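Below is one structure, written out as structure tokens, with a few remarks after it.
The values are calculated or read from the model by the stated rules, or taken from the named source; none is laboratory data. Remember, predicted model here, so these are calculated numbers, not experimental data. Cβ placement follows ideal geometry from the backbone for every residue including glycine, while neighbour counts extend to all protein chains displayed.
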Amino acid sequence: MKWVTYEAGDGVRTGVLDGESVRGLAVGTTLEALLESGSLAEAGEDAHRAPTEVRGLDEVRLLAPLRRPQSVRDGLCFLEHLRNCYQALGRDRALDPVWSRNPAFYFANRDAVVGPYDDVPVAPGSTMFDLELEVGAVIGRGGRDLHAEDAEEHIVGYTLFNDWTARDHQAVDMAQGIGQAKGKDCAITLGPALVTVDELEPYRRDGRLAFELSASVNGDELTRGTLDQMDWTFGELLAYASRGTDLRPGAVIGSGTVPRGCLLEHVDTPKLEDFTRWLKPGDVVSLRGEGLGETRQTVTKGIDVIPLRPAG
């Protein structure tokens, strides 16, 4: 099934896509609650058999399928992305052996989730605003201390995930050395749908999902790749993330960036600030995934930075 959250003038609803229509459940039903209660499959049957309403896709505004996930973690499972970033920053492409010991992730801002067609303001004060092409795995069955061999069985489905990043703010975060902060705080796109695992089985190759992914800016393709390029699998990422802690239904875990799926990897100037392709107001960013759909968002002007202390 392809689950969506939408507005159509009478409140936020949850429903399933059926061709060019949405079969909606009652107002007040949320995907988060269905996942938490373990009733997603039953609710899907209700939506197909006896929906509260049926509307054409052109009648609704799709929101993020999970508007406030249980939690959001973002991994770094495509190591070529990291090598490319090192090269853009003038560093050696060689990776420290630590990157081969376990997958890395950070906790992202679940309050920053936006919908697949929402405008995205530039982060306040940023002049180096970037996109990141990723896939988000959604936990359907909770667990703790999972095994890599079967951890993927806890995933109910997948969605496109754009980890918008202010590279100039991220440089400050990295210099301070305590983790990602304002560089990754302004927006995370999820959508357009939560696509259940069974829907994506046709894209499985040699035991791994291998659907194609791409990103474009103003219609110009930035990159194209497949999910099975991941150096660390979602099973390994979930097993690592669940060590000594609970993964709850409705949690979202990002794959990390598909190689060359962000502007930083395309920097061709000695100084980052001289690169002319950073996102600016008016730019249109699209992510696409086989079986997952497409996001399309316009970058808008951000607010000016509010000073922390009086000048002087």
Those residues of segment 131-146 which are touching a Lys or Arg at 6+ places or on another chain (Cβ under 9 Å) and among the basic types (Lys, Arg), in sequence order:
144
Right, residue 210: more than 22 Å from residue 122 (Cβ to Cβ), surrounded by fewer than 20 Cβ atoms within 10 Å (Cβ to Cβ) and touching a Phe, Trp or Tyr at 6+ places or on another chain (Cβ under 9 Å) or not?
yes
Going residue by residue through segment 25-36, is there one that turns out to be touching a strand residue (DSSP E or B) at 6+ places or on another chain (Cβ under 8 Å) and either part of a strand (DSSP E or B) or under 27 Å from residue 128 (Cα atoms) (or both)?
no
Could you please give the count of residues in segment 37-57 that are within 27 Å of the chain's Cα centre (by Cα) and not in a helix (DSSP H, G or I)?
4
Say whether the condition of being at pLDDT 95 or above, within 30 Å of residue 263 (Cα to Cα) and polar (S, T, N, Q) is met by at least one residue in segment 72-85.
yes
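Go through segment 117-176 and report how many residues are part of a strand (DSSP E or B), under 24 Å from residue 276 (Cα atoms) and charged (D, E, K, R).
Residues meeting the conditions: 3.
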Would you point out which residue out of 159, 165, 127 is more than 30 Å from residue 33 (Cβ to Cβ), under 14 Å from the mean Cα position of the chain (by Cα), among the polar types (S, T, N, Q) and not assigned by TED's automatic domain parsing to the domain that holds residue 10?
165
Looking at the structure I just gave you, is residue 117 touching a residue at least 12 places away in the same chain (Cβ under 8 Å), of a type in the set (Ser, Thr, Tyr) and surrounded by fewer than 22 Cβ atoms within 10 Å (Cβ to Cβ)?
yes
